[in-house]
Amino acid sequence: MTKPLVIAFGEMLIDFVPDTSGVSLAESRAFIKAPGGAPANVACAISKLGGNAAFIGKVGDDEFGKMLVDILKSNGVNTDGVCFDTNARTALAFVTLRKDGEREFMFYRNPSADMLLKDSELDLGLIKQAKIFHYGSISLISEPCRSAHMAAMKAAREAGALLSYDPNVRLPLWPSLEAARSGIKSIWSEADFIKVSDDEVHFLTQGDSEKDEVVMSLWHDKLKMLLVTDGEKGCRYFTKNFKGRVAGFSVKAIDTTGAGDSFVGAFLTAVSRDTSLFDNEPKLREALSFANACGAMCTTQKGAIPALPTTAEAEKFISSSKSK
C-alpha cells in the first residue's frame, strides 16, 4: 500500500550561513553553504520521518539548482514536479546567526528561478495525488509564481487534498509591511490548517500573541486547526472543539533555521497517517509533542536539512529528555 502523499510547494534555495556564530554578515569571514527554503525543508522533514513527500517548485539550470534537486532525491523526496529555468539563477540567502541563535536575512533574487514558475509548468497529475498540499507565502509575492501557486492550490483542493499553510513571513522580500500583511492574508481562508509563530501572530494582528482572543482573530470557518509555535516554550493549538498548550524541549540552540519546518514536517506526517487527530485531543497532543522535539533537535546543528531528525533519533531524544 502506498503511503499518503504530502506535497510541499514553493521555493528552494541556498542559505549561506556564517561559519562563526554571533557575528554580523559584514563581520563573517567565511560561509557554509546549506540547502534551504521552507517548503523544501518540510518535504525533507516528512521523508526523513518515514513519510511520502514530493516537492514542486523551480530552480535555476545551474550548479546550485542541480545540487538542490540531488539533495531532495538523496533525502527520498519525489522531484517530478521540479522545473529548471535556463534564464534565471537559483535563489541565494545569506543568513546570519546572532548570539541568541536568531537570524537575520539578506536575499539575492533578481528575479530568481523560483519566482518564475508558471502555472503551465505545474505537474497537475502529481498534485492530484496529494493527501496534503503544503505551501508558504513567499510564492505569493510576485508573478508568475503567484498565479502558479493559486492554480496548484485550486487543483489540490478540487482533488480532495487538505491544504496546509505556513506563512513563513520574510519581510525583506515584500515591497512593504502592508503588502506582506495583505498578501499573506489573501489566501488565509483557503487552508485547512495553519501554523504561525508567535512573532507572526503579532505581525499579522498587531496584537499581543500571548492572548487567545488575539490568536483567535486569525480563525476562519474552514479551519480544522490553528497552531502557534512559541519557540522553546513549545506550541499552542486551537481546534473547533478544544485548545491547549504543549511544552517544548530545552536545548542549546546553535541555529534556529528550519526548526519550524521540522515541526511542520512532523505534524503533517502524523496528519497524513491519521486525520482523526483533529478530533482526538490526546492523540493530537502526542503528535505535537513529537513535532516540538523535532523542532528543538533541528536547532542543535547548522543548516536546516542536515539537522532534520529521523523518527528513531526523535524518539531517542524524547526518552532521554524525560529521563533527565
Tell me which lysines have Cα within less than 18 Å of K322's Cα, excluding those fewer than 8 residues away on the same chain?
-> K233, K252
Provide Rg over Rh for the range 1-133; use the alpha carbon set for both Rg and the Kirkwood Rh (inverse mean inverse pair distance).
-> 1.02
Step through the table entries K240/K283; K3/K66; K131/K185; K131/K224; K58/K195, compare each Cα-Cα distance with 19 Å, and write down the pairs that go over it.
-> K3/K66; K131/K185; K58/K195
Where Lys and Arg each count +1 and Asp and Glu each count -1, what net charge lies around D80 among other residues with Cβ under 15 Å from its Cβ?
-> 0
Using only alpha carbon positions, build the gyration tensor of the range 120-162, then give the equivalent ellipsoid semi-axes as the square roots of 5 times its eigenvalues, largest first, whole angstrom.
-> 18, 11, 7
Take the Cα coordinates of the chain, assign each an equal point scatterer, and use the Debye formula without solvent to give log10 I(q)/I(0) at q = 0.16 Å⁻¹.
-> -1.50
Which of K48/K118; K222/K243; K128/K222 have a Cα-Cα distance over 25 Å?
-> K48/K118
Mean Cβ neighbour count within 10 Å, used as a protection proxy, ranking 40-47, 160-167 highest first | 40-47, 160-167
For the range 143-290, what size does the Cα cloud have along each of its three principal axes, sorted from largest down, in whole Å?
-> 41, 35, 31
Net charge dipole size for the range 9-93 [Lys, Arg +1 and Asp, Glu -1 on Cβ; Debye, nearest 20] | 160
Per-peptide average of other Cβ atoms within 10 Å, ordering 225-236, 202-213, 298-309 highest first = 298-309, 225-236, 202-213
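How much length is gained if the chain between S176 and D274 is pulled fully straight, taking 0.36 nm per residue apart and subtracting their Cα-Cα distance, in nm to one decimal?
Roughly 31.3 nm would be gained on extension.
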Can you list the aspartates and glutamates whose alpha carbon sits under 19 Å from that of K302, skipping same-chain ones fewer than 8 residues off?
-> D15, D19, E27, D100, E102, E104, E232, D255, D261, E313
Only helical DSSP H runs with n ≥ 4 go in: add -39500 (n - 2.57) per run for the chain, normalise by residue count and round the 222 nm mean residue ellipticity to 500 deg cm²/dmol.
-> -10000 deg cm²/dmol
Order the following by accessible area, largest value first: R109, R273. Probe radius 1.4 Å; ligands, DNA and RNA are ignored.
-> R273, R109
Using r as the Cβ-Cβ distance of D80 and M106, and R0 as 35 Å, what FRET efficiency do you calculate, to the nearest 0.05?
-> 0.60
Once the piece of chain linking S186 and V214 is laid out straight, how much longer is it, given 0.36 nm per residue of separation minus the C-alpha distance between them?
-> 8.2 nm
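Which value results when the Cα radius of gyration for the range 22-63 is divided by 2.2 N^0.38 Å?
So the Cα radius of gyration is 1.62 times the expected 2.2 N^0.38 Å.
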Treating only Lys and Arg (+1) and Asp and Glu (-1) as charged, each at its beta carbon, one finds that the range 149-232 has a dipole about its Cα centre, in Debye to the nearest 20, of 520
Largest first, what is the accessible-area ranking of E190, E63 with a 1.4 Å probe?
-> E63, E190
Provide the per residue accessible area, probe 1.4 Å, for the range 170-324, rounded to a whole number of square angstrom.
-> 44
Debye-sum result for the range 211-260 in log10 I(q)/I(0), which assumes one identical scatterer on each alpha carbon, at q = 0.23, 0.30 Å⁻¹ | -0.88, -1.19
If the cut-off is a Cα-Cα distance under 16 Å, which aspartates and glutamates reach K316, setting aside same-chain residues fewer than 8 apart in sequence?
-> E286
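For the chain, what % of the accessible area comes from carbon and sulfur atoms, probe 1.4 Å?
51
The values are calculated or read from the model by the stated rules, or taken from the named source; none is laboratory data. Predicted, not measured: the structure shown is a model, and the values here were computed from it. Neighbour counts run over all protein chains shown; Cβ positions are idealised from the backbone, glycine included. In case anyone asks, the SASA skips ligands and DNA or RNA and just uses the protein heavy atoms, side chains included. Shrake-Rupley method; radii C 1.70, N 1.55, O 1.52, S 1.80 Å.
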